[in-house]
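Quick note: the coordinates plus some simple rules give every number you see, no bench work behind them. The shown structure was predicted, so the numbers you read here are calculated from the model rather than taken from an experiment. Don't worry about glycine lacking a Cβ; one is built from the backbone with ideal geometry, like all the others, and counts go over all protein chains shown.
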Amino acid sequence: MGNTKKIIALVAVLLILTVAVGFGVYHNVQQLQKRSANPVVVAGQAVEAHDLETFKKHVDLDALIKNAAEEILSAQINSTLTPTAYSMDELQRRYDRLEPDFINAAKSAAEEYISTGKVTFPAKLTDAQKFLKNSGVTSCQIKSISKPQKDGNDKVVTVMLYNQNMKFSFEVELLLEADAEDNWRVTGAKGFESYYNGWRSALRRKLNSLNAPISREMDEVFRVKSFSVKNSGGDEYGFSQTLDIVIKADVHFDKPLAKVIGNVIIGKGDRESFTPFALDMTDAAQGLQLFDVTKTLNPFVRADSDAMKHGLKINDIKVEVTEIIFADGTNLKLLDALPE
């Protein structure tokens, strides 16, 4: 599924959700219907009592996990993966490869949390478990829970949370459905994409702070001064388009270089598309130099599709250097994950 370091399985939200209904009983009970038939109240009591069987009677945990997978993995594919898939079938295959780890890790972690109030991790973590461990989920606090609101024949409860560790807020909506006997059950949820986007923005802010001194060192060796972009047209079917990019950089080094690695990025915020490049610096001269790279616009990636439909402004594209490798094997490299 591409670079596994960028695979984000937002298992954490499932735990947040179970914590949310539990905390809601005690901290926001005045905002909820107090009758025992309210599945949010009963599920919250089950979390506090570590009663998994009762929780599952009132919450379709499998459905919530499926909702999270659909939102989070789709958002992750759209925003962070190198756009090399050129069909919906290929994108679906990428999703299908990510989903099992998400489902298995989410279900195991959520059930353990409800049953025991904690989550344990194996020595060797999957990508989903790594995120769960490092996401700051245990620092999340409930800010508010709404009264159930009618939505056709169903009801919706809105939970506002704050991730104290990563410093962002997000909102989750719980869907409540009634059976023939008017017994209500939590059968779905949405808002997982907003958690992913909030986490991603918060992570970027923290990494930018940590990477600032490394970036300054890298700029002394390879500083991007400017770049020009030219659309060289599409493929023979008019499906994709290719950008020819000329990077003007100021190069200075005390020891021979091997490679300069980086990304060409299109879009902003939640809509970004990354294409990596690697410049061979074996015979590089010092001073101002020109380097050619290309980026293919993929219509199945949101940021690229926007550029193809509406045109590309120079402010919508940037070039970043992420690593400089010297001939002796040493390197300067930006952090792409928070230190343990």
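The table below lists the values:
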| read-out | value |
| --- | --- |
| Inter-probe distance in nm under a simple model that places probes 7 Å from Cα toward Cβ, at His252 and Arg223 | 0.7 nm |
| Exposure proxy ranking, count of Cβ atoms within 10 Å, fewest first, for Lys190, Lys206 | Lys206, Lys190 |
| Likely footprinting exposure, Met160, Met281, fewest C-beta neighbours within 10 Å first | Met160, Met281 |
| Computed label-point distance, nm, for sites Lys107 and Asp283 using a 7 Å Cα→Cβ extension | 5.7 nm |
| R0 of 22 Å, Cβ-Cβ distance Gln149-Asp182: FRET efficiency to nearest 0.05 | 0.80 |
| Rounded to whole Hz, the Karplus (6.51, -1.76, 1.60) HN-Hα couplings of the range 216-221, x for glycine and proline | 5, 4, 5, 4, 5, 9 |
| By average C-beta atoms within 10 angstrom, highest first, the peptides 54-61, 111-118 | 54-61, 111-118 |
| Gain in span if fully extended, Arg205 to Asp244, counting 0.36 nm per residue against the direct Cα distance | 11.1 nm |
| Square roots of five times the Cα gyration tensor eigenvalues for the range 211-333, Å | 29, 15, 12 |
| Nitroxide proxy distance, nm - points 7 Å out along Cα→Cβ at Asp328 and Arg216 | 2.3 nm |
| FRET E, pair Glu171, Ala337, Förster distance 45 Å, beta-carbon r, rounded to 0.05 | 0.95 |
| Extension gain, Ala49 back to Ala123 (0.36 nm per residue minus Cα-Cα distance, nm) | 23.8 nm |
